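Beneath this line is the structure, given in structure tokens, with notes to follow.
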Amino acid sequence: MYDVIIIGNGPAGLSAAIYGKRAGFNVLVISDNPVAGGQITTTYEVDNYPGLPGMGGMELGDKLKEHADKFEVEFVTDRVSAISDAGDHKNITTGKGSYEARAVIIATGADHRKLGVPGETEFTGSGVSYCATCDGAFFRNKTVAVVGGGDVALEDAIFLSRFAQKVYIIHRRDEFRGAKMLQDQLLANEKIEPVYDTVVDEVVGKMAVEKLLLTNKKTGEKSELPVNGVFMAVGIVPNLEGIEGLPDRDEGGYIIAGESCETSIPGIFAAGDVRTKQLRQVITAAADGANAITSVQRYFSI
């Protein structure tokens with residue numbers, strides 16, 4: 001019987017593990033990804049985490065894991081399939097067995113949203129990518145497109161310009177939603193060309209991506225854009241697929257929980273990108289981990 005089982009090893013989960021051990025709890029972290037850090041491991045620079053400007057995402061993930069290891073946090077690599085409420089404790093079912101804990105913190109994070117157009121699935125890994133930092137080097141001196149208009153899309157386009165000969169960034173609106181600083185960097189980059197008011201209808205190719213079929217939303221004009229690769233950056237969805245017994249969720253699938261991280265099921269908490277919140281970034285995920293443990297302490301004292 002553990003005091004706290006944390007599902008997920010991103011910034012929220014690792015922060016909760018550190019704070020949990022500092023509180024004297026017996027903590028177990030379960031994640032199906034053996035590499036700690038969550039989404040930040042695919043970010044080439046974490047520029048918005050105070051005190052660590054320009055640190056690589058993989059490096060920050062490693063440091064968070066090292067901090068947890070310092071407190072001898074126990075880790076298990078496994079996929080959780082169900083959470084059940086047994087009153088004074090919770091049962092966690094995984095692919096390899098089951099575990100019990102007095103409280104559970106769900107910190108599974110979020111995953112890349114699919115665009116949902118023909119050719120996207122077929123060419124994933126053959127020109128379609130969701131991780132610029134993972135795959136950007138494969139497109140050295142080639143032409144690529146980024147789909148999206150938020151911070152991640154702008155960051156991806158800027159990063160890809162280091163390798164690619166030409167980068168198009170395709171956005172369905174007439175202006176980007178990302179941070180002004182990123183917009184300024186992008187628009188000043190001669191290798192990047194914005195394509196506004198446009199949506200992707202299909203990804204086309206034979207053995208790999210060769211072109212995109214596009215539609216201008218304002219004029220209705222159809223066009224083709226020859227590219228060697230396309231990077232999807234159209235948002236995220238909560239990473240909860242295949243888990244039964246979850247607390248109440250909103251229309252987007254996120255677990256309903258406020259700053260206290262308390263959910264509709266007493267003793268089950270949600271932290272990080274997986275919960276309803278205004279801002280999903282490393283700093284808010286780490287804060288959630290601390291808040292979740294504080295709420296666990298209060299729950300134990302009731």
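Tell me, yes or no, whether the stretch 139-147 has at least one residue that is closer than 20 Å to Val46 by Cα and touching a residue at least 40 places away in the same chain (Cβ under 8 Å).
yes
Pick from the stretch 182-203 the residues that are under 16 Å from Glu45 (Cβ atoms) and hydrophobic (A, V, I, L, M, F, W, C): which of them is farthest from the chain's Cα centre (by Cα)?
Checked the stretch 182-203; the qualifying residue farthest from the chain's Cα centre (by Cα) is Leu186.
Residues are listed down the side, and each one gets a yes or a no for (1) among the basic types (Lys, Arg); (2) touching a Ser or Thr at 6+ places or on another chain (Cβ under 9 Å):
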| position | (1), (2) |
| --- | --- |
| Ile18 | no, no |
| Val29 | no, no |
| Asn48 | no, no |
| Lys63 | yes, no |
| Phe71 | no, no |
| Phe75 | no, yes |
| Ile106 | no, yes |
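Which of the residues belonging to the stretch 232-260 are surrounded by fewer than 19 Cβ atoms within 10 Å (Cβ to Cβ) and of a type in the set (S, T, N, Q)?
Within the stretch 232-260, just Ser260 meets the criteria.
Quick one: is Asp135 acidic (Asp, Glu) and at pLDDT below 95? Walk me through it before giving the result.
Values: acidic (Asp, Glu): yes; at pLDDT below 95: yes.
The answer is yes for Asp135.
Closer than 19 Å to Ala12 by Cα, in contact (Cβ under 8 Å) with a residue 12 or more places away in the chain, more than 21 Å from the chain's Cα centre (by Cα) and surrounded by 17 or more Cβ atoms within 10 Å (Cβ to Cβ): is that true of Gly229 in this structure?
Details: closer than 19 Å to Ala12 by Cα: no; in contact (Cβ under 8 Å) with a residue 12 or more places away in the chain: yes; more than 21 Å from the chain's Cα centre (by Cα): yes; surrounded by 17 or more Cβ atoms within 10 Å (Cβ to Cβ): yes.
Considered against the rule, which asks whether it is closer than 19 Å to Ala12 by Cα, in contact (Cβ under 8 Å) with a residue 12 or more places away in the chain, more than 21 Å from the chain's Cα centre (by Cα) and surrounded by 17 or more Cβ atoms within 10 Å (Cβ to Cβ), Gly229 comes out as no.
One residue is enough: does the stretch 72-80 have a residue meeting the conditions part of a strand (DSSP E or B), in contact with a Gly (Cβ under 8 Å, 6 or more places away or on another chain), buried (at least 17 other Cβ atoms within 10 Å of the Cβ) and assigned by TED's automatic domain parsing to the domain that holds Pro247?
Going residue by residue through the stretch 72-80, those that are part of a strand (DSSP E or B) are 74-77, 80.
Now narrow it down to the ones that are in contact with a Gly (Cβ under 8 Å, 6 or more places away or on another chain): none.
No - not one qualifying residue is present in the stretch 72-80.
Return yes when Ile265 is in contact with a strand residue (DSSP E or B) (Cβ under 6 Å, 6 or more places away or on another chain) and either surrounded by fewer than 19 Cβ atoms within 10 Å (Cβ to Cβ) or among the β-branched types (Val, Ile, Thr) (or both) and no when it is not.
On the way: in contact with a strand residue (DSSP E or B) (Cβ under 6 Å, 6 or more places away or on another chain): yes; either surrounded by fewer than 19 Cβ atoms within 10 Å (Cβ to Cβ) or among the β-branched types (Val, Ile, Thr) (or both): yes.
For Ile265, the condition - in contact with a strand residue (DSSP E or B) (Cβ under 6 Å, 6 or more places away or on another chain) and either surrounded by fewer than 19 Cβ atoms within 10 Å (Cβ to Cβ) or among the β-branched types (Val, Ile, Thr) (or both) - is met.
Which one of Ile302, Ile283, Ile236, Ile265 is modelled with pLDDT of 95 or more and either under 24 Å from the mean Cα position of the chain (by Cα) or farther than 29 Å from Tyr49 by Cα (or both)? I'd like the intermediate steps shown before the answer.
Working: Ile302 fails: modelled with pLDDT of 95 or more; Ile283 fails: modelled with pLDDT of 95 or more; Ile236 fails: modelled with pLDDT of 95 or more.
Only one candidate passes the filter, namely Ile265.
Filter the stretch 1-55 down to the residues that are part of a loop (DSSP other than H, G, I, E, B) and of a type in the set (Asp, Glu), then identify the one that is farthest from Leu154 (Cα to Cα).
Asp32
Being more than 25 Å from Gly242 (Cα to Cα), in contact with a strand residue (DSSP E or B) (Cβ under 7 Å, 6 or more places away or on another chain), assigned to a helix (DSSP H, G or I) and not small (Gly, Ala, Ser) is the requirement here; does Asp135 meet it?
Numbers: more than 25 Å from Gly242 (Cα to Cα): yes; in contact with a strand residue (DSSP E or B) (Cβ under 7 Å, 6 or more places away or on another chain): yes; assigned to a helix (DSSP H, G or I): yes; not small (Gly, Ala, Ser): yes.
So Asp135 fits the description; yes.
If the requirement is being under 18 Å from the mean Cα position of the chain (by Cα) and among the acidic types (Asp, Glu), which of these qualifies: Asp273, Asp248?
On the way: Asp248 fails: under 18 Å from the mean Cα position of the chain (by Cα).
Result of the check over Asp273, Asp248: Asp273.
Inspect the stretch 242-257 for any residue being hydroxyl-bearing (Ser, Thr, Tyr), touching a strand residue (DSSP E or B) at 6+ places or on another chain (Cβ under 8 Å) and more than 28 Å from Ser129 (Cβ to Cβ) and give the result as yes or no.
Step one: of the stretch 242-257, the residues hydroxyl-bearing (Ser, Thr, Tyr) are 254.
Next, from what is left, pick out any that are touching a strand residue (DSSP E or B) at 6+ places or on another chain (Cβ under 8 Å): 254.
Narrowing the set further to residues that are more than 28 Å from Ser129 (Cβ to Cβ) leaves none.
No, the conditions are met nowhere in the stretch 242-257.
Select from the stretch 150-181 the residues that are assigned to a loop (DSSP other than H, G, I, E, B) and of a type in the set (A, V, I, L, M, F, W, C) and write down the one among them that is nearest to the chain's Cα centre (by Cα). Write out each step before concluding.
The initial filter retains those residues of the stretch 150-181 that are assigned to a loop (DSSP other than H, G, I, E, B), namely 150, 161-165, 171-179.
When the remaining residues are screened for being of a type in the set (A, V, I, L, M, F, W, C), the result is 163-164, 176, 179.
On the way: Phe163: 24, Ala164: 24, Phe176: 20, Ala179: 18 Å.
The residue in question is Ala179.
If I ask for residues that are under 17 Å from Ala285 (Cα atoms) and either of a type in the set (A, V, I, L, M) or surrounded by fewer than 18 Cβ atoms within 10 Å (Cβ to Cβ) (or both), which ones from the stretch 14-29 would you list? Before you say what the answer is, go through the steps one by one.
Pass one, the stretch 14-29, residues under 17 Å from Ala285 (Cα atoms): 14-20, 29.
Listed by number, the residues that qualify are Leu14, Ala16, Ala17, Ile18, Val29.
The values are calculated or read from the model by the stated rules, or taken from the named source; none is laboratory data. Worth saying up front: this structure is predicted, and the values here are computed from it rather than measured. Note that each Cβ is placed from the backbone with ideal geometry, even for glycine, and that neighbours are counted across all protein chains shown.
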